[in-house]
Every structure is written in structure tokens, then in C-alpha cells.
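The values are calculated or read from the model by the stated rules, or taken from the named source; none is laboratory data. Everything quoted here is computed from the prediction, not taken from an experiment. In this analysis, Cβ positions are derived from the backbone assuming ideal geometry, glycine residues included, and neighbour counts consider all displayed protein chains. These accessible areas exclude ligands, DNA and RNA; they are computed on the full protein's heavy atoms, side chains included. Shrake-Rupley method; radii C 1.70, N 1.55, O 1.52, S 1.80 Å.
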Amino acid sequence: MSAAVVLLVAVPILFNVAFAELGRTFSYPDVLRRPAAEVMQRVRDGGSALALRWWAFLLSALLMVPLTVLTTDAVGLRGGLAQLVTTVGVLAALVQVLGLVRWVQVVPWLAARHETADESGKAVLEAELALLNRLLGVAVGEHLGYLLTGAWTA
């Protein structure tokens, strides 16, 4: 069995399992529209189990890079069409990773600082998280990432 076939099966399964788990345990993606203080408390409460779910989701997005390249080759695309399909698929993966990486790198850091900050510090941290969620979550991840992933899939 080729690596492309394995990835064509494994990546969507990993993506959907991670997405479903984040939805079940963290109300993702609806949590993007919740107050930042609530989100940070939920991140702290979720601990390492939640972090593991985010890492799985991030990995599913990152695995789109080899999936795209191997699939383009496996179906025999050549020339400009191959370049276009590969470019769109790799961009989809990278945009998804950019949108998700904040959950494993930045949000836990913000949440830890939020717990011990004074009121003005909490307000700044909440504004930072709200901006990250609107920019990287809604605009980049949900819109651009899913648009590019849909285009590549088509």
C-alpha cells in the first residue's frame, strides 16, 4: 500500500477524531466566540489532556503537506496542474497550522499568566486572546484554511 493511500485514509480520520474531541471537551470551534476569560479558564482546566487534543489536531493539519505532495504524484498530475494542486494543498496545510499553533504555544501561556494577573493585566491578556482568536482562528483557520482545503479537495 502506498504512503499516499495511507495518508488519504489516516489524515481525515485523525482530523475528524481530533476535531470531534475538541468539540466534545472544549466546545470548539464555538469557543472562539466565547469571552476570553472563560476560554483561558477552560484551557487551564483542560490541562495536558486538552493540549494533547490540540497537538493531534495540529498534526492532522501538518500531515496535509506530505499528503498533498504524495497524492499529486500518485494520481500522475504533471506540469502546471500539479504545481497548482500541490501549492494549494501545501498552503492549506500551512494556513491551518498557523491557525492552530496558538493553541499549543500561545494560549496556554496567556492562560497561565491570566490566572495570577491583576485586573488591568487580565484585561490586556483577554484582549490579546480575543485578537488571536479573531485573526488566527476565525479569519485564517476557519475561513482561509478551510477554503484552501476545500479547493485542494475539489
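If the requirement is being at pLDDT 95 or above, more than 10 Å from the chain's Cα centre (by Cα) and aliphatic (A, V, I, L, M), which of these qualifies: 49, 82, 56, 74?
Details: 82 fails: at pLDDT 95 or above; 56 fails: more than 10 Å from the chain's Cα centre (by Cα); 74 fails: at pLDDT 95 or above.
That would be 49, the only listed residue that is at pLDDT 95 or above, more than 10 Å from the chain's Cα centre (by Cα) and aliphatic (A, V, I, L, M).
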Pair list, Cβ under 9 Å, 6 or more apart: segment 75-97 residue in contact (Cβ under 8 Å) with a residue 12 or more places away in the chain and open to solvent by less than 20 Å² (accessible area, probe 1.4 Å), other residue not in a helix (DSSP H, G or I) and not β-branched (Val, Ile, Thr): 93/63
Matching residues, segment 38-63, being among the small types (Gly, Ala, Ser), touching a Leu at 6+ places or on another chain (Cβ under 9 Å) and either surrounded by 18 or more Cβ atoms within 10 Å (Cβ to Cβ) or not in a helix (DSSP H, G or I) (or both): 60, 61
Hits in segment 12-37 (condition: of a type in the set (Gly, Ala, Ser) and part of a helix (DSSP H, G or I)): 18, 20, 23, 36, 37
Residue in segment 119-137 that is within 30 Å of residue 48 (Cβ to Cβ), under 11 Å from the mean Cα position of the chain (by Cα) and open to solvent by less than 50 Å² (accessible area, probe 1.4 Å) present: yes
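Any chance segment 130-147 includes a residue that's of a type in the set (S, T, N, Q), at pLDDT 90 or above and either on the phi < 0 side of the Ramachandran plot or part of a helix (DSSP H, G or I) (or both)?
At the first step, the residues of segment 130-147 found to be of a type in the set (S, T, N, Q) are 133.
Retained after the next criterion (residues that are at pLDDT 90 or above): none.
No, because not a single residue in segment 130-147 is of a type in the set (S, T, N, Q), at pLDDT 90 or above and either on the phi < 0 side of the Ramachandran plot or part of a helix (DSSP H, G or I) (or both).
Of all residues in segment 104-118, which are in a helix (DSSP H, G or I) and either among the aromatic types (Phe, Trp, Tyr) or open to solvent by 90 Å² or more (accessible area, probe 1.4 Å) (or both)? Give the steps one after another, and end with the answer.
Of the residues in segment 104-118, the ones in a helix (DSSP H, G or I) are 104-105, 107-116.
105, 109, 113, 115, 116 - these are the residues of segment 104-118 that are in a helix (DSSP H, G or I) and either among the aromatic types (Phe, Trp, Tyr) or open to solvent by 90 Å² or more (accessible area, probe 1.4 Å) (or both).
Quick check on segment 85-98: of everything there that is small (Gly, Ala, Ser) and within 14 Å of the chain's Cα centre (by Cα), which residue is farthest from residue 14 (Cα to Cα)?
Taking segment 85-98 and keeping what is small (Gly, Ala, Ser), we get 89, 92-93.
With within 14 Å of the chain's Cα centre (by Cα) added as a condition, the list becomes 92-93.
Details: 92: 16, 93: 14 Å.
Only one residue fits best here, namely 92.
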Checking residue 30 against (1) surrounded by fewer than 15 Cβ atoms within 10 Å (Cβ to Cβ); (2) modelled with pLDDT of 95 or more, the condition it does not meet: (2)
Set 9, 5: member being touching a residue at least 60 places away in the same chain (Cβ under 8 Å), part of a helix (DSSP H, G or I), open to solvent by 60 Å² or more (accessible area, probe 1.4 Å) and of a type in the set (A, V, I, L, M, F, W, C): 5
